[in-house]
Amino acid sequence: MLLALVLAPFWLAGTSAPALAAGPSPIKRAREVGAGQIARARAALSEKPPFVIRDKWAVLVGVSRYNDPSINGSASAARNVLTLTKTLIDPECGRFAPDHVLVVTDGHATKESLARATYQDWLIKKALPSHLILIYLALKLTASDDGTDLLLLPADASLKDKELTSVSLSGMLQEIKRRTQSKNIVLLLDATTQDGKSAAAQLATIARQTGITLLSADAGLAASANDDFSKNSLFALYLSEGIKTGAGQMPIESIAGYLSEVIAKAPPAQKLLQKPLYLAGEEPELVKQPLGLKIKLPFDPKNVKVGHPLDTLAEKRPDLAAGLSANFKAPLEDKRQPQTLQELDRKKEEAEAAADNDDDDDAGAEQVDFEGYMKDMKKSIQAKWQPPKGIAQKTIVAVFSIQRNGNIVEADIVESSGDAGIDQAAMKALKDASPLAPLPKGAPAHVQVRYKFDWKVSQ
């Protein structure tokens, strides 16, 4: 069930970026380094079966200005988010579906919004174990009182009550991992410590404990230098160029090497002792994948509904059009736009209102009662579930889509039992149970299901 939304990110300009000494074009230098990384990555390709990513999601957070005057925001933070978002949703390189990217910036990046975007609502309701999760954070951090954790400082944070007004970085990552069951989590950290002290020890500990893949602008969370021309941090600028290099096909581990190399070749005034940190996560095959990998959709793209096209936005939703910043009107002419939490709330209200007045089969899909259908689905699958005899209780989790006609498609094991015979029996049960009964009236073109085979039920 996917609903594509056309939304506008927010950018509130902060203070001007620190000036840097003139030097060679950073873009030209970046592209030269990127070409070398691509060549080395292609030469290292193995012949083993490809690592499969079923879908990918991104949350980008940038805070340039804080309510608390004692917290100095990064002038480039919100602009960095815009730059990277445009790269990620570019169909020629990043290849993230626009409605799979959530943007939270400046005054909208509150503690509540940050939680909703990541571990409480949007992301954990979307991402599945076989999906790639990309998180970009450009904000201030501070150490917890006990010194064991790093606290993310949202726009409404207060240093006097930092434990109550911040978000635990380790807690956020652990909860995302627990709720999505995904090992394919990449954290891009363009953040700095509020007090300027190194947080290298805490950062390395968090990465190790959570098992995520980490790419940080600096190992100790020192500030990234800014590019005079683009007003982006060098980290965001080179990261964007790295994704663009080779049409988005540079593997994650090669992007890490590329960033270190290109920063090392920067003029002395642009280095500022900045040393990017790369730590591979618990899934070794993930870092061999490019961020711009193509996703095989389990449904026909024609069934994806688009919310408010920008060419008709002023006519249909003048309230939204009036709220667009002048800084965004030019880049937003591209219809492929990411989402914001504010627009998600508006869309939910609109859908609920439309459901009362629309007789179309797809209208009011959120109002369809699937409880009875899912009970019948479980009975049908369990009736075909015949695991090998004499094996102890195990757990199998599968993900699949049910088309409107009841066909089960895109079935995949996302949590193996550890026994090939049992896994094969589970896949056979799904195959034999298809087709199920047609989806209820009002259902979307497909419904994605996460299904746990219950060993006790089978016995």
Checked segment 186-211 for anything touching a helix residue (DSSP H, G or I) at 6+ places or on another chain (Cβ under 6 Å) and either part of a loop (DSSP other than H, G, I, E, B) or not assigned by TED's automatic domain parsing to the domain that holds Pro284 (or both); matches are Asp190
Collect the residues in segment 392-421 that are of a type in the set (Ser, Thr, Tyr) and farther than 18 Å from Met377 by Cβ, keeping them in residue-number order.
Thr395, Ser416, Ser417
Would you mind stating whether Lys140 is among the basic types (Lys, Arg), closer than 23 Å to Asn226 by Cβ, surrounded by 24 or more Cβ atoms within 10 Å (Cβ to Cβ) and in contact (Cβ under 8 Å) with a residue 24 or more places away in the chain?
yes
Matching residues in segment 125-149 - criterion: being under 19 Å from Ile206 (Cβ atoms) and aliphatic (A, V, I, L, M):
Ile133, Leu134, Ile135, Leu137, Ala138, Leu139, Leu141, Ala143
Number of positions in segment 155-166 that are surrounded by fewer than 24 Cβ atoms within 10 Å (Cβ to Cβ), in a loop (DSSP other than H, G, I, E, B) and of a type outside the set (S, T, N, Q):
1
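Yes or no, residue by residue, for (1) charged (D, E, K, R); (2) in contact with a Gly (Cβ under 7 Å, 6 or more places away or on another chain); (3) modelled with pLDDT of 90 or more:
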{"site": "Thr85", "(1), (2), (3)": "no, no, yes"}
{"site": "Pro91", "(1), (2), (3)": "no, no, yes"}
{"site": "Gly94", "(1), (2), (3)": "no, yes, yes"}
{"site": "Gln120", "(1), (2), (3)": "no, no, no"}
{"site": "Leu128", "(1), (2), (3)": "no, no, no"}
{"site": "Gln174", "(1), (2), (3)": "no, no, yes"}
{"site": "Ala191", "(1), (2), (3)": "no, no, yes"}
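Would you point out the residue of segment 429-457, among those that are assigned to a helix (DSSP H, G or I) and loosely packed, with under 14 Cβ neighbours inside 10 Å, that is modelled with the highest pLDDT?
Lys431
Residue check: is Lys183 within 22 Å of Leu123 (Cα to Cα) and in a loop (DSSP other than H, G, I, E, B)?
Details: within 22 Å of Leu123 (Cα to Cα): yes; in a loop (DSSP other than H, G, I, E, B): yes.
Against the criterion (within 22 Å of Leu123 (Cα to Cα) and in a loop (DSSP other than H, G, I, E, B)), Lys183 qualifies.
The values are calculated or read from the model by the stated rules, or taken from the named source; none is laboratory data. Note that the structure is a prediction, hence the values are computed from the model and not measured. All Cβ positions, even for glycine, are placed from backbone atoms using ideal geometry, and neighbour counts span all protein chains on display.
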